[in-house]
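Notes to accompany the following structure.
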Amino acid sequence: MRKIIVSSKSRATQNSASVKEYIASLDDEQSVTDCRVLIEMMQRISGHEPKMWNAGTIGFDTYHYKYDSGREGEGHVIGFYPRKGKITVYLMDGTLRYSGLLAKLGRHTATGYCVYIRRLSDVELPILEQIVQKSYEYIKSQDGHIHQILWRTAQK
């Protein structure tokens, strides 16, 4: 496991809740279908089983972070959070790095380290997969030297 230093103040906590039960509890069949597609994609990219983080984030693989304040912990390398009417895809190295690919993604919005998608049918899935793959590879290649997330500065 690699140590990565970040300046973000969010803190994720992995828990033992069942991913299958969580997906089954979603009341929208399209959300369930989209979740299954994202799980398959992120599992293939990371080589790791999905785990629940916080109240509803599905994450893959872990990295260790340490804030400038000295607080440290574990975070998911890639993941997503399905909500009613919106899926949040997390890019823990920030969205700015992927602005060129995000321009080709399709209907979405992006901030800091989040890409918001209403439905997977609104975006080009191969482009989303490229973005997630590049984010995963970047974080796993850092040997603990990410000092900040590259924040996206402009909304599309």
key: Virtual spin-label span in nm between Glu72 and Ser121, 7 Å along Cα→Cβ   = 4.7
key: Linear extension gain, Arg44 paired with Glu29, 0.36 nm per residue minus alpha-carbon span   = 3.1 nm
message = Please list, in order along the stretch 70-76, the HN-Hα scalar couplings obtained from phi with the Karplus expression 6.51 cos²θ - 1.76 cosθ + 1.60 (θ = phi - 60°), rounded to whole Hz, x for Gly and Pro.
response = x, 5, 9, x, 10, x, 7
inquiry  = Tell me whether the stretch 3-140 comes out rounded, prolate or oblate; compute the Cα gyration tensor, take square roots of the eigenvalues as a ≥ b ≥ c, and use a/c under 1.5 as the rounded threshold.
reply    = oblate
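Rule-based calculations on the coordinates, nothing more; no lab input. Predicted model only: the values in this text are computed from it and were never measured. Note that each Cβ is placed from the backbone with ideal geometry, even for glycine, and that neighbours are counted across all protein chains shown.
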